[in-house]
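Everything on this sheet refers to the single structure shown next.
The values are calculated or read from the model by the stated rules, or taken from the named source; none is laboratory data. Only a predicted model underlies this, so the values are computations on that prediction, with no experimental measurement involved. Protein only, heavy atoms only, side chains kept; ligands, DNA and RNA dropped before computing areas. Shrake-Rupley method; radii C 1.70, N 1.55, O 1.52, S 1.80 Å.
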Amino acid sequence: MAELDPDIPENKHLKQAINHLERVLDYAPMVAEDGAATVHLTPEDWKVVADALFNMDTPDGAFPDAIEDYGLANQNRTITLTTADYDIEIEIVSS
């Protein structure tokens with residue numbers, strides 16, 4: 001993955017990522033089918049989430065409690081989240 005954006009302070013970067021993750025978790029039930037949901041983020045928002053999950057050594061306790069597991073798929077173009085109720089894929093919205 002690419003380096004962190006040096007123009008964004010690390011604590012703000014993490015706060016943004018957690019905010020995006022909470023919104024993804026809130027939105028997933030509305031689009032879920034058979035326990036699977038796909039949520040799209042802008043390229044910039046996707047990068048913020050990816051940085052927090054994979055580049056910042058963020059302790060798992062900093063993320064929303066509903067997230068049981070996370071990873072990357074689709075040649076590192078899809079972030080995967082696992083919750084008790086849903087398998088969520090976060091993709092970059094196509095322009």
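Largest to smallest in accessible area, the residues 21, 14 fall in the order 14, 21 (1.4 Å probe, all protein chains included). Protein-only accessible surface at a 1.4 angstrom probe places the residues 30, 56 in the order 30, 56, largest first. What fraction of the DSSP beta bridges in the chain is antiparallel, stated in percent and rounded to the nearest 5? Roughly 60 percent of the DSSP beta bridges within the chain come out antiparallel.
Tell me the relative contact order for the chain as a rounded percent, counting alpha carbon contacts under 8 Å between residues six or more apart. Please list the in-between numbers first.
Working: 117 pairs, mean separation 29.8, N = 95.
Rounded, it is 31 percent for the chain.
The candidates 54, 63, arranged from most to least accessible area with a 1.4 Å probe in the full protein assembly, appear as 54, 63.
Can you give me the accessible area per residue for the chain, using a 1.4 Å probe, in Å²?
Working: 5940 Å² over 95 residues.
For the chain, the solvent-accessible area averages 63 Å² per residue.
Compute the helix-to-body angle for 10-31: its Cα long axis versus the longest principal axis of the chain, expressed 0 to 90° and rounded to tens. Its long axis makes an angle of about 10 degrees. Report in % the part of the accessible area of the range 44-85 that belongs to carbon and sulfur, leaving out ligands and nucleic acids; probe 1.4 Å. Summing carbon and sulfur atoms, their accessible area is 41 percent of the total for the range 44-85.
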